[in-house]
Amino acid sequence: MVIVSMATFTIFFLAPKLVGTNPATLFAGRVADAATIKQVEIKLGLDKPILVQYEHYLVGIVAGRHFNNGPDQTYCPPPCLGYSFKNDQAVWPLMLDRLPVTVSLAIGAAVLWLVAGTLIGILSALRRGSLFDRAAMTVALAGVSLPVYFTGLLALSLLSYQFDVLPNVHYVGFTADPVQWARNLLLPWICLAFLYSATYARLTRANMLETMGEDYIRTARAKGLPERTVIARHGFRAALTPIVTIFGLDLGGLLGGAVLTETVFGFPGVGKLAVDAIAASDLPIILGVTLFAAFFIIVANLVVDVLYAYVDPRVRFN
């Protein structure tokens, strides 16, 4: 997290100065006069050395931060990931307000793509060369090739606007109406899961084909174990390690903001917040969302490392 914070802080606050651009102009607006830009520099501490600015930024994350401009003081409570003066709000509450949308989208889609992708991959491996295998891998190739902004718009055009199967797709809070919550998220879940499940199906198939040819699989069959036990306890479990790896990273990335999906469907999540901030050149929000996404990815890596010991016994004994 420290390395990520250093990199992002350098990109947003040091790099502009190296090319002759004052970061304060992005906060004050390009049409602001010199006095306004100077006032913004003082308020945000941009007139101080870059190391002092970075120190204040790190301290703000842990203990909060005051933005001072004479009698005008603004307090950003911890964790202070920045303060958006264009919205006149701290960045953390803005992201916290959008987080339920992103979590709902990511968790639901993750369940769909994990179940569908692994099941299709296992069946394709067990029926290698069959019509099902060829059809499944063809669909998987299409899923990998088609981005969400294409499948999402196509699904909206056909199922929402033309045939009225799922009309008026918009986000509804789970506590407000659980049925409408699931109904409005169904289409985004399917579009997002279609992209990821294709990758999981191909990876599961390749791992299962490799695992089922190992010597210990032949030994298990020679002992008279049922084929279902051989596949579930010996084949799939050994092939599950890379699946756990990419699942943790994919889920962690989505929890940091499903940018394309939220933008296509107009869902007010963390990803949509980042897109709007980029359009408005709102640097504190962009920086805050970047650190927020990095946090989820780092936590996902940690969880994956812990799960290795439960998924693969060789990790525990080695």
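State the extension gain, in nm to one decimal, for the chain segment bounded by Thr21 and Tyr75, taking 0.36 nm per residue of separation less the distance between their alpha-carbons.
16.7 nm
If the cut-off is a Cα-Cα distance under 20 Å, which aspartates and glutamates reach Lys43, setting aside same-chain residues fewer than 8 apart in sequence?
Within the straight-line cut-off, Lys43 pairs with Asp33, Glu55, Asp72, Asp88, Asp282.
Taking the chain as the reference, fit the longest principal axis to its C-alpha atoms, fit the long axis of helix 131-145 to the helix C-alpha atoms, and give the angle between the two in degrees, 0 to 90, nearest 10.
Around 10 degrees separate the two axes.
Using only alpha carbon pairs under 8 Å that are at least six residues apart, calculate the relative contact order of the chain and give it in whole percent.
Once divided by the residue count of the chain, the mean separation gives 21 percent.
For Tyr83, what residues show an amide H to amide H distance below 5 Å, using hydrogens built from the backbone and excluding near sequence neighbours?
It is Val91, by chain and number.
Normalised by the residues of segment 1-135, what does the relative contact order come to in percent, with Cα pairs under 8 Å and at least six apart?
Reported relative contact order: 11 percent.
Taking only C-alpha pairs under 8 Å that are 6+ residues apart, what is the relative contact order of segment 59-115 in percent?
It rounds to 21 percent for segment 59-115.
Tell me the label-point distance for the pair Arg134, Thr241, using the 7 Å Cα-to-Cβ offset, in nm and rounded to one decimal.
3.4 nm
What are the trypsin sites (Lys or Arg not before Pro) within segment 156-255 that DSSP puts in a loop, where the Cβ has at most 15 other Cβ atoms within 10 Å?
Here the sparse-neighbourhood loop sites are Lys223.
With r as the distance between the Cβ atoms of Met1 and Ala142 and R0 = 30 Å, compute the FRET efficiency 1/(1 + (r/R0)^6) and round to 0.05.
Calculated transfer efficiency: 0.20.
Top mean-square fluctuation among Pro147, Pro167, Pro100, Gaussian network model of the chain, C-alpha springs under 10 Å?
Fluctuation is largest for Pro167.
Quick one: plug the Kirkwood hydrodynamic radius of segment 185-225 (C-alpha pairs) into Stokes-Einstein at 4 °C, 1.567 mPa s, and report D in µm²/s.
The Stokes-Einstein estimate is 104 µm²/s.
Just how far, in whole angstrom, is segment 247-279 from segment 158-186 if you go by their alpha carbon centroids?
18 Å
Cross-link candidates for Lys272: which lysines have Cα within less than 17 Å, leaving aside residues fewer than 8 places away along the same chain?
Qualifying lysines at Cα under 17 Å: Lys86.
Could you tell me which label, among (i) 22.3; (ii) 25.2; (iii) 17.7, carries the value of mean projected area of the Cα convex hull in nm² calculated for this structure?
(i)
Loop only by DSSP, 15 or fewer other Cβ within 10 Å of the Cβ. Give me the trypsin sites (Lys or Arg not before Pro) in segment 16-46 that pass, ordered by residue number.
Arg30
Which is farthest toward the positive dipole end of the chain among Gly248, Leu203, Ala280, measuring Cα position about the Cα centre, with Cβ charges +1 (Lys, Arg) and -1 (Asp, Glu)?
Leu203
Regarding segment 2-80, what are the three Cα extents along the principal axes, ordered largest first, in Å?
34, 33, 18
Does anything in segment 113-127 have its amide N under 20 Å from the 7 Å Cα→Cβ label point of Leu186, and if so which residues?
113-117, by backbone N distance to the label point.
On C-alpha positions alone, give me the angle between the axis of helix 178-211 and the longest principal axis of the chain, in degrees, nearest 10.
Approximately 60 degrees, to the nearest 10.
Between helix 91-126 and the chain, what is the angle of the helix's C-alpha long axis to the longest principal axis, kept within 0 to 90° and rounded to the nearest 10?
The angle comes out at about 20 degrees.
In nm, to one decimal, how far is the Glu210 label point from the Val179 one, both placed 7 Å along Cα→Cβ?
Between Glu210 and Val179, the simple spin-label model gives 4.8 nm.
Over the chain, with a Gaussian network built from C-alpha contacts below 10 Å, which listed residue (Ile298, Ile286, Ile50) shows the highest mean-square fluctuation?
Comparing Ile298, Ile286, Ile50 in a Gaussian network model of the chain, the most mobile one is Ile50.
None of the figures in this text is laboratory data; all of them are computed from the coordinates on show. The shown structure was predicted, so the numbers you read here are calculated from the model rather than taken from an experiment. Positions of Cβ are backbone-derived with ideal geometry, glycine not excepted, and every protein chain shown enters the neighbour counts.
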